[in-house]
Amino acid sequence: MTGLTANGVAHAPSRTVRTIILGLIGVIFAVPIVAMIEFTLRAGLVGGYNVDRWVALFQSGFTGVYRPVLVALGNSVALAVGTVLIVLLLLVPTMLLVHIRFPRLRRVLEFTCILPITIPAIVLVVGLAPVYAIVARMLGSGVWTLAFAYGITVLPFAYRAIQSNLDGVDVKTLTEAARTLGAGWGRVLLWVLVPNLRRGILAGAFIVVAVVLGEFTIASLLNRVNLQTALVVVSKVDPYTAVILSLLALAFAFLLLLVIGRLGAPRTRTSRRRTNVKGQA
Amino acid sequence: MNSQKLKVQQPTAPTRPGTVVEFVGVVKEFSGMRALDGFNLSLHAGECVALLGPSGSGKTTALRVLAGLESTDAGSITIDGIDVSALATSKRDMGMVFQSYSLFPHLSAGENVEFGLRMRKIKPAERRRRAAASLAMVGLDDHFDRFAHQLSGGQQQRVALARALVTEPRVLLLDEPLSALDAKVRVQLRDEIRRIQTELGITTLFVTHDQDEALAIADRVAVMRAGNIEQVGTPEELYSRPATPFIADFVGLSNRIDGLVRSAWAEVYGTSLALIDPSTPDGPVTVSIRPEDIEFAAEGLAATVVASSFLGSLRRTTVRLGDGTILFLQHGVRVHPRAGESVYVIFTGAPVSTEPVGPASVAQQQY
Ligand SMILES: Nc1ncnc2c1ncn2[C@@H]1O[C@H](COP(=O)(O)OP(=O)(O)O)[C@@H](O)[C@H]1O
Ligand SMILES: [Mg+2]
């Protein structure tokens with residue numbers, strides 16, 4: 001909010017327009033969720049509602065047939081973390097290097113990063129299957145190896161998020177200023193670039209987490225278990241419980257994103273300034 | 001507040017003597033295009049040299065190779081006699097102020113100024129003290145906690161200056177630091193930079209394309225053209241004895257008139273004028289005459305007034321001669337010629353610079 005006003009958006013929509021837009025989007029998102037909740041509360045074919053299925057699930061303590069879902073959730077979270085790491089350690093430095101030192105390569109990098117969005121997951125798997133035969137021989141067939149494939153599928157989203165931040169910051173001048181002030185490349189990266197690109201990097205990480213938690217096709221076709229494949233298995237046995245688990249997974253992902261957002265939130269400038277002014281007076 | 005002011009009283013000037021910088025035959029190419037073409041320049045200890053030239057003449061490149069932000073293709077750059085070509089930017093110990101706003105947006109003004117000290121592992125207490133003193137030097141002691149987006153353009157450049165100076169660098173580099181500011185702030189800050197530079201006695205290279213700025217701020221002005229220095233001298237020398245019409249044109253306003261050199265005199269409209277460079281060979285030339293070196297008179301060259309504009313302390317009048325040539329005159333405000341009025345003008349006889357008429361115009365003359 002402060003960011004918006006500080007940047008002085010020229011023709012910001014009025015309060016009412018904003019409320020209407022938000023309301024509409026809210027409804028569009030709410031409809032399927034409400035429908036899912038309604039579905040889980042149906043009391044058989046005769047009609048009426050009760051919370052029996054929710055109670056049953058929680059009383060069973062996620063044992064028995066639901067146990068694999070918890071394991072799969074763990075897999076998916078680990079994959080999300082791994083994919084985020086790939087993006088942070090590989091994509092971000094590459095983008096910075098291209099931006100500062102090799103600006104001519106920018107088009108090439110952009111094309112490469114956007115490419116995966118044009119390739120259907122099912123086609124991707126056809127190419128990935130033989131690659132993973134080799135990966136399995138070298139690194140074993142652990143679920144975590146899927147992070148390599150996900151690292152490719154999330155490229156377009158992560159790239160766009162980081163690039164839009166990069167375009168809004170005069171990276172070249174800031175880098176040069178820091179270097180003339182005595183900072184080597186490592187310090188330039190940690191003290192100047194990362195703090196100023198935090199928003200883009202965080203947004204990229206958000207999208208990566210969301211994409212990985214929702215991924216089904218690749219995991220399924222490569223015979224790995226993640227949250228989505230496990231939910232499909234459950235839904236064949238018990239569609240009602242599968243929907244409950246989906247809802248819980250949704251809530252979990254929401255919480256996860258909230259936590260990441262909190263961790264990376266910028267120092268609140270207004271409160272900082274206030275304390276300092278007080279200190280000076 | 002008071003305690004801060006007291007601390008500021010301590011001299012911030014470095015005690016070390018000023019640094020000497022020398023460019024010798026520096027060449028820098030960008031994909032075949034020579035931005036610096038055998039560039040030579042010496043900066044004496046503690047002096048402020050303005051690098052003046054039209055856009056694209058290589059001023060920024062000269063500054064950047066000194067800062068180590070660009071490599072050189074040939075030639076050497078020495079600081080206090082030591083070749084720095086292989087030294088990384090972060091080790092060159094330069095203070096630099098950029099043309100575009102370059103404050104770190106995630107840090108407050110004070111933290112920006114502290115950045116260089118932090119890189120030098122200075123303890124927090126001293127860091128803060130020195131940053132505050134440096135901000136006070138540029139008149140912003142009460143803006144320590146402001147962020148860049150809360151500062152005006154002029155204030156941002158002041159903070160950038162404080163940030164560049166707080167580490168007591170060997171050389172201060174300024175690349176058109178005032179070009180983004182409006183006229184009034186520009187003059188204010190320009191004078192302030194000059195004051196601070198003189199107080200600190202720091203060797204300074206100031207890049208600009210604005211002649212007023214260069215003449216006002218520098219001990220010496222180096223005029224650049226196409227990757228080379230055309231003339232170096234004090235502002236007075238450049239103004240009164242421009243080596244070429246390019247300089248005459250670039251430093252101050254000049255009339256360019258066709259003339260003829262004959263036995264070390266320039267002949268223009270029947271008047272003989274002394275040459276700044278008496279060794280000029282005979283032949284057709286373009287003569288540069290300052291607008292203040294042409295006057296109205298009771299008789300002389302007949303002309304018609306085209307326009308006259310009031311410039312505060314003086315007036316500039318444009319007249320057209322019988323053959324259509326346009327001349328600018330600069331004179332006191334009491335004389336007020338009206339457009340269309342018939343007048344007579346004469347040349348006062350101040351020495352002039354000349355340039356051989358280019359081959360193109362010679363060819364034209366033959367037809
Ligand atoms: N990074 C670069 N790549 C290619 N050409 C450049 C680069 N920097 C400068 N040049 C060229 O070098 C010449 C001198 O540029 P510059 O030093 O910026 O001039 P000035 O600062 O006097 O306007 C210009 O023709 C410019 O186009
Ligand atoms: Mg420039």
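Starting from residues that are surrounded by 17 or more Cβ atoms within 10 Å (Cβ to Cβ) and touching a strand residue (DSSP E or B) at 6+ places or on another chain (Cβ under 6 Å), keep the ones in region B:23-36 and report whichever is farthest from residue B:77 (Cα to Cα). Looking at the filtered set, the residue picked out is B:35. In region B:42-73, of all residues being assigned to a strand (DSSP E or B) and farther than 13 Å from residue B:203 by Cα, the one that is farthest from ligand 2 (Cβ to nearest atom) corresponds to B:52.
If you take the residues in region B:184-210 that are within 14 Å of ligand 1 (Cβ to nearest atom) and in contact with a helix residue (DSSP H, G or I) (Cβ under 7 Å, 6 or more places away or on another chain), which one is farthest from the other protein chains (Cβ to nearest Cβ)? Here the residue is B:208. Give me the pairs, please: first residue somewhere in region B:195-219 and more than 14 Å from residue B:45 (Cα to Cα), second residue anywhere and within 14 Å of ligand 1 (Cβ to nearest atom) and assigned to a helix (DSSP H, G or I), beta-carbon distance under 6 Å, and either six or more positions apart or on two chains. From region B:195-219, the pairs are B:207/B:59; B:207/B:63; B:208/B:214. When region B:98-116 is filtered for residues that are more than 16 Å from residue B:131 (Cβ to Cβ) and either among the aromatic types (Phe, Trp, Tyr) or more than 7 Å from chain A (Cβ to nearest Cβ) (or both), the ones remaining, listed by number, are B:98, B:99, B:101. The residues listed here are B:41, B:66; of these, the one that is in contact (Cβ under 8 Å) with a residue 24 or more places away in the chain and either in contact with a His (Cβ under 7 Å, 6 or more places away or on another chain) or within 14 Å of chain A (Cβ to nearest Cβ) (or both) is B:66. Annotation: of all residues in region A:153-204 being hydrophobic (A, V, I, L, M, F, W, C) and outside any helix (DSSP H, G or I), the one that is farthest from residue B:64 (Cα to Cα) is A:154. In summary, residue B:267 fulfils each of the numbered conditions (1) more than 16 Å from ligand 1 (Cβ to nearest atom); (2) under 29 Å from residue B:104 (Cβ atoms) with the single exception of condition (2). For region B:226-239, the count of residues that are in contact with a Ser or Thr (Cβ under 8 Å, 6 or more places away or on another chain), outside the structural domain of residue B:175 (by TED's automatic domain parsing), in contact (Cβ under 8 Å) with a residue 60 or more places away in the chain and surrounded by fewer than 19 Cβ atoms within 10 Å (Cβ to Cβ) is zero. Scanning region A:251-281 for residues that are modelled with pLDDT of 65 or more and surrounded by 15 or more Cβ atoms within 10 Å (Cβ to Cβ) yields A:252, A:253, A:256, A:257, A:260.
You will find that of B:164, B:148, the residue that is over 15 Å from the mean Cα position of the chain (by Cα), more than 16 Å from ligand 1 (Cβ to nearest atom) and under 13 Å from residue B:137 (Cβ atoms) is B:164 and no other.
Of all residues in region A:102-130, those being assigned to a helix (DSSP H, G or I) and under 22 Å from residue A:211 (Cα atoms) number 19.
Among the residues of region A:179-198, those identified as facing chain B (nearest Cβ under 7 Å) and touching a Lys or Arg at 6+ places or on another chain (Cβ under 8 Å) are A:180, A:181, A:182. Scanning region B:18-41 for residues that are more than 16 Å from ligand 2 (Cβ to nearest atom) and among the aromatic types (Phe, Trp, Tyr) yields a count of 1.
Would you confirm whether any residue within region B:61-72 is charged (D, E, K, R), crowded, with 20+ Cβ neighbours inside 10 Å and either under 27 Å from residue B:135 (Cβ atoms) or within 10 Å of ligand 1 (Cβ to nearest atom) (or both)? Yes.
Tell me the residue from B:90, B:55 that is facing chain A (nearest Cβ under 8 Å) and of a type in the set (Ser, Thr, Tyr), please. Every option except B:90 fails the conditions. The residues on offer are A:152, A:201, A:162, and the sole one that is within 14 Å of chain B (Cβ to nearest Cβ) and at pLDDT 90 or above is A:201.
The values are calculated or read from the model by the stated rules, or taken from the named source; none is laboratory data. This structure is a prediction, so every number in the text was calculated from the model and none was measured. Cβ coordinates were reconstructed from backbone atoms using ideal geometry, including for glycine residues, and neighbour counts include every protein chain displayed.
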